[in-house]
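J.: Just passing along the structure, written as structure tokens.
The values are calculated or read from the model by the stated rules, or taken from the named source; none is laboratory data. Since we're looking at a predicted model, the values are computed, not measured. Here the Cβ positions follow ideal geometry from the backbone for every residue, glycine too, while neighbour counts run over all protein chains shown. Quick note on the areas: whole protein, heavy atoms, side chains included, nothing else; ligands and nucleic acids left out. Shrake-Rupley method; radii C 1.70, N 1.55, O 1.52, S 1.80 Å.
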Amino acid sequence: MNDAIFSAEGRLTRRDYVLTIAALLGGVSLLFFVAVSILLPFTYLSASAFFREAAVTFWILLFMGAALIFTLLAILLPLSAIPATVRRLHDIGLSGFFVLLSFIPIVS
């Protein structure tokens, strides 16, 4: 396996590209789990300390916090995958500007 998967130099085989994207997906999953695990007690403490109806407020705050964390991580993943994708496109003989096509939403 390539020693410098996340670097911008050298070649990136198909296997190394898939491993890079899998590592990014695993990292995002792990970060989401850790963030929700930290969010859970803080949500409970703030709901029970500041509101009378703690149960309903807890679920609202937890859902909003989890949605915010998920949105931030969903934005982080494509941005961190750009260097590996550009390297792979260069290796197969295409321009790195084809990455920009992935940011254009497909409207049907």
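J.: Restricting to the range 28-48, give me the number of residues that are surrounded by 11 or more Cβ atoms within 10 Å (Cβ to Cβ), under 29 Å from Ala81 (Cα atoms) and among the small types (Gly, Ala, Ser).
T.: Count: 2.
J.: Right, Leu19: within 19 Å of Ser80 (Cα to Cα), touching a residue at least 40 places away in the same chain (Cβ under 8 Å) and assigned to a helix (DSSP H, G or I) or not?
T.: Spelling it out, it is not the case that Leu19 is within 19 Å of Ser80 (Cα to Cα), touching a residue at least 40 places away in the same chain (Cβ under 8 Å) and assigned to a helix (DSSP H, G or I).
J.: Taking interchain pairs and intrachain pairs at least six residues apart, which have beta carbon atoms under 8 angstrom, with the first residue in the range 49-73 and open to solvent by less than 90 Å² (accessible area, probe 1.4 Å) and the second outside any helix (DSSP H, G or I) and of a type in the set (Gly, Ala, Ser)?
T.: Between residues of the range 49-73 that are open to solvent by less than 90 Å² (accessible area, probe 1.4 Å) and residues that are outside any helix (DSSP H, G or I) and of a type in the set (Gly, Ala, Ser), there is no close pair.
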